[in-house]
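J.: Shown below is the structure under consideration.
The values are calculated or read from the model by the stated rules, or taken from the named source; none is laboratory data. Everything numeric in this text was worked out from a predicted model, so none of it was measured. Ideal geometry is used to build each Cβ from the backbone, glycine not excepted, and the neighbour counts take in all protein chains shown. Calculation scope for accessible area: heavy atoms of the full protein, side chains included, ligands and nucleic acids excluded. Shrake-Rupley method; radii C 1.70, N 1.55, O 1.52, S 1.80 Å.
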Amino acid sequence: MESCLYVVATPIGNLDDFSVRAVDILRGADLIAAEDTRHSQRLLQHYAIATPVMAYHDHSDDRAVGKILACLTGGGAVALVSDAGTPLISDPGYRLVRAIQDAGFPVRPIPGACAAVAALSVSGLATDRFLFEGFLPARAAARDSRLAGLAGEAATVIFYEAPHRVLESLAAMAAAFGPEREAVLAREVTKTFETIRRGSLAELLAFVSADDNQQKGEIVLLVAGARANTSEVTEEVGALLRRLARELPAKTAAAVVADHTGLRKRVLYDYLLAHKEK
Ligand code: SAM
């Protein structure tokens, strides 16, 4: 095995969501650096991985980084895992990856599950542009100001959410983005009680309020991007745009009409999304 740090993604619920390569790397490594050694034991035992494990957190002292560097300097290979999903994605590893790169060793990804991407892939929301926001600040004032800054964001926005805060956060999102904004609750992804629910923020708030079970487990919230204000598109321009969109991809139709009217492409594209012909 190459002497390097492998950043290994682990399952986010279903233990079978683990690649053959990931298992080989964990078995073959000289050392596994884990966010929580006890938590990782379940996965390691399931796959009969007997590699020595040490604890690593971004606030671990320098001795932890030193131990990993010593292993690499001696020609060994180290694998970094977090409790679930991809390390560094709302998980420890940032400081370590930089330290190992700065010391001149390669860092290699062993890709796999990530709750944000898994949820996005089944959300039914636009996937061409997305913004990962991770956890919102716990304090209401900081949370609200973060949400206010995202209200005009055109990309789909992805949040990680703690179950005891989901109701409060949905209410704050409805206040910041408007209750009609489309959103998705993705709960317990890949697990027994997996729930993927798309609706307006007002609908999701009602759904979660009515059922305590929806306030349990692991949760990703996704919010559709803001639509441009399409009120400047006249009846006549709108009709032309819809006609062109029957012959051309929506983006091309919007670009052609933008060239001829001076209106912004995004406004015309959003108009088409809002007036989709069934
Ligand atoms: N590194 C992980 C990843 O790649 O997704 C994320 C770690 S972060 C500390 C944990 C958060 O991820 C949870 O609070 C939840 O918001 C989200 N999450 C993790 N597993 C999930 C699952 N199975 N279903 C829904 N959300 C999940």
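J.: Which residues, counting only those in the stretch 250-268, are of a type outside the set (Val, Ile, Thr) and open to solvent by less than 60 Å² (accessible area, probe 1.4 Å)?
T.: Result: 250, 253, 254, 255, 258, 263, 268.
J.: A further question on this structure: Does any residue of the stretch 136-154 turn out to be more than 16 Å from the ligand (Cβ to nearest atom), open to solvent by less than 40 Å² (accessible area, probe 1.4 Å) and part of a loop (DSSP other than H, G, I, E, B)?
T.: Yes, that holds for at least one residue.
J.: Pick from the stretch 104-155 the residues that are at pLDDT 95 or above, in contact with a strand residue (DSSP E or B) (Cβ under 9 Å, 6 or more places away or on another chain) and acidic (Asp, Glu): which of them is nearest to residue 266 (Cα to Cα)?
T.: 153
J.: Mind listing whichever residues of the stretch 186-222 are within 14 Å of the ligand (Cβ to nearest atom), open to solvent by less than 40 Å² (accessible area, probe 1.4 Å) and either touching an Asp or Glu at 6+ places or on another chain (Cβ under 9 Å) or touching a residue at least 60 places away in the same chain (Cβ under 8 Å) (or both)?
T.: 186, 187, 188, 189, 195, 217, 219, 220, 221, 222, listed by residue number.
J.: Right, residue 259: under 30 Å from residue 13 (Cα atoms) and acidic (Asp, Glu) or not?
T.: Against the criterion (under 30 Å from residue 13 (Cα atoms) and acidic (Asp, Glu)), residue 259 does not qualify.
J.: Residue by residue through the stretch 3-22, note down the ones that are over 16 Å from residue 72 (Cβ atoms) and in contact (Cβ under 8 Å) with a residue 40 or more places away in the chain.
T.: Correct list: 9, 10, 11, 12, 13, 14, 17, 18, 19, 21, 22.
J.: Scanning for something away from the ligand (no atom under 14 Å from the Cβ) and hydroxyl-bearing (Ser, Thr, Tyr), does the stretch 77-93 turn up at least one residue? It would help to see each step written out before you state the result.
T.: If we filter the stretch 77-93 for residues that are away from the ligand (no atom under 14 Å from the Cβ), which is where we start, we get 77-79.
Next, from what is left, pick out any that are hydroxyl-bearing (Ser, Thr, Tyr): none.
Checking the stretch 77-93: not a single residue is away from the ligand (no atom under 14 Å from the Cβ) and hydroxyl-bearing (Ser, Thr, Tyr).
J.: Look through 25, 68 and report the one residue that is touching a residue at least 40 places away in the same chain (Cβ under 8 Å), over 20 Å from residue 113 (Cα atoms), assigned to a helix (DSSP H, G or I) and open to solvent by less than 20 Å² (accessible area, probe 1.4 Å).
T.: 68
J.: Just one of 55, 48 is at positive phi, surrounded by fewer than 21 Cβ atoms within 10 Å (Cβ to Cβ) and away from the ligand (no atom under 15 Å from the Cβ); which is it? Can you show your working first?
T.: Details: 55 fails: at positive phi.
Being at positive phi, surrounded by fewer than 21 Cβ atoms within 10 Å (Cβ to Cβ) and away from the ligand (no atom under 15 Å from the Cβ) holds for just one of 55, 48, which is 48.
J.: If you don't mind, another one. Which ones in the stretch 94-116 are within 16 Å of the ligand (Cβ to nearest atom), open to solvent by 20 Å² or more (accessible area, probe 1.4 Å) and in contact with a Phe, Trp or Tyr (Cβ under 9 Å, 6 or more places away or on another chain)?
T.: Selection gives 109, 112, 113, 115.
The rows are residues; the columns are (1) touching a residue at least 12 places away in the same chain (Cβ under 8 Å); (2) farther than 29 Å from residue 155 by Cβ; (3) in a strand (DSSP E or B).
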residue: 41; (1), (2), (3): yes, yes, no
residue: 51; (1), (2), (3): yes, yes, no
residue: 54; (1), (2), (3): yes, yes, yes
residue: 76; (1), (2), (3): yes, yes, no
residue: 112; (1), (2), (3): yes, no, no
residue: 125; (1), (2), (3): yes, no, no
residue: 128; (1), (2), (3): no, no, no
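J.: Go through the stretch 4-22 and report how many residues are among the aliphatic types (A, V, I, L, M) and either part of a loop (DSSP other than H, G, I, E, B) or open to solvent by 10 Å² or more (accessible area, probe 1.4 Å) (or both).
T.: Number of matching residues: 5.
J.: Answer yes or no: is there a residue in the stretch 246-253 that is under 29 Å from residue 114 (Cβ atoms), away from the ligand (no atom under 15 Å from the Cβ) and β-branched (Val, Ile, Thr).
T.: No, the stretch 246-253 contains no residue that is under 29 Å from residue 114 (Cβ atoms), away from the ligand (no atom under 15 Å from the Cβ) and β-branched (Val, Ile, Thr).
J.: Further question: Report whether or not residue 63 is out of contact with any Gly (no Cβ under 7 Å at 6 or more places or on another chain) and either surrounded by 17 or more Cβ atoms within 10 Å (Cβ to Cβ) or assigned to a helix (DSSP H, G or I) (or both).
T.: Values: out of contact with any Gly (no Cβ under 7 Å at 6 or more places or on another chain): yes; either surrounded by 17 or more Cβ atoms within 10 Å (Cβ to Cβ) or assigned to a helix (DSSP H, G or I) (or both): yes.
It is true that residue 63 is out of contact with any Gly (no Cβ under 7 Å at 6 or more places or on another chain) and either surrounded by 17 or more Cβ atoms within 10 Å (Cβ to Cβ) or assigned to a helix (DSSP H, G or I) (or both).
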